[in-house]
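Peer 1: Sharing a structure below in structure tokens format, with a few things to ask.
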């Protein structure tokens, strides 16, 4: 019996060869390049999304804070017999004033609050607090506003009785130095307004000043809430800010620096304090320059400075600066 004939192999298949080692290496290299490119694109997209989310969060917080400030300033009690505190300091400022704005009232109060003691400050853990203590007209401090009274109305500058100003000891627990957040009975009327705000600064836009010869000096930015130019209404320059009121102020310029909560988690408290110290107060020369150099411009330049330490650059890249001007409107004479 004849053995079976081997099955013939088609000529095309017999001549086909497999991949060479070089071809495999080239294919692997192409795949690796594609993977690296895709990872880079995904990383860039993730970083961009994260930065956009941080920007949106900072924008939202700044908008909420400025809206609250706008309402408080709009309701400010603009009378010549009430005082204000514009606590300028090296570093964070604080301001306190009376306003017809929402606030916390004592449960024992017989009348609903018709005005309030409003304040803004940075607490000891670098967050923005708002003071809102409901008051009743006609009640003595601390349940009602303190009115300015003067021993003499003929001396210049006027010297109000310290018991009738914000310097009164009745307000000391509320408008004194900022303690730790939620620490002590004096903070009953404070609430956390901006947990990402770590720097607060303000300056003033003063009203045009009429000279004795009839000419008018233009509005000017100032670190002081009153005008120090010649022929001013209060002369000589007062030695105290208390009792001056705010009649010379046309607008208050408020500037904030925000570092989002997630970025704060990887920034030490000392680094945050150092960063806040790099955001300098406005100088008289800056405000008097033409055009005026306000805080936001100075702070943006500081954050972009190449001289920042390496440890600060990452934190600085996540800081957002916001500035708004609040016009106060006319005051009663």
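Where a number appears in this text, it was derived from the coordinates with a stated rule and is not lab data. Computed from a prediction, not measured in an experiment: that's the story for all the values here. Note that each Cβ is placed from the backbone with ideal geometry, even for glycine, and that neighbours are counted across all protein chains shown.
Peer 1: Can you sort 284, 195 by how many other beta carbons sit within 10 Å, fewest first?
Peer 2: On the way: 284 13, 195 17.
Taking fewest neighbouring Cβ atoms as first place, the list is 284, 195.
Peer 1: Quick check: residue separation of residue 137 and residue 211 times 0.36 nm, minus the Cα distance between them. What number comes out in nm?
Peer 2: On the way: separation 74, 0.36 × 74 = 26.64 nm, distance 3.73 nm.
The span from residue 137 to residue 211 would gain 22.9 nm if fully extended.
Peer 1: Arrange the following residues from fewest to most other Cβ atoms within 10 Å of their Cβ: 20, 298, 271.
Peer 2: Values: 20 9, 298 19, 271 16.
Final ranking by Cβ density, sparse to dense: 20, 271, 298.
Peer 1: So for the pair residue 305, residue 147, with labels modelled 7 Å out along Cα→Cβ, what separation do we get in nm?
Peer 2: Spacing of the two 7 Å Cα→Cβ label points: 4.9 nm.
Peer 1: Taking the Cα-to-Cβ direction at residue 317 and at residue 281 and moving 7 Å from each Cα, how far apart do the two end points lie in nm?
Peer 2: The answer from the label model is 3.3 nm.
Peer 1: Computed FRET efficiency, Cβ-Cβ of residue 38 and residue 71, R0 51 Å: what is it to the nearest 0.05? The partial results should precede the final answer.
Peer 2: Details: r = 49 Å, r/R0 = 0.97.
The computed FRET efficiency comes out at 0.55.
Peer 1: Give me the one-decimal nm value for the distance between modelled label points at residue 90 and residue 56, 7 Å along each residue's Cα-to-Cβ direction.
Peer 2: Label-label distance for residue 90 and residue 56, simple model: 4.2 nm.
Peer 1: Let me ask something additional. Pulled fully out, how much extra length does the chain show between residue 325 and residue 163, if you take 0.36 nm times their separation in residues and subtract their Cα-Cα distance?
Peer 2: 55.1 nm
Peer 1: Could you list 35, 76 so that the one with the fewest beta carbons within 10 Å of its beta carbon is first and the one with the most is last? Mind dumping the intermediate values first?
Peer 2: On the way: 35 10, 76 22.
Final ranking by Cβ density, sparse to dense: 35, 76.
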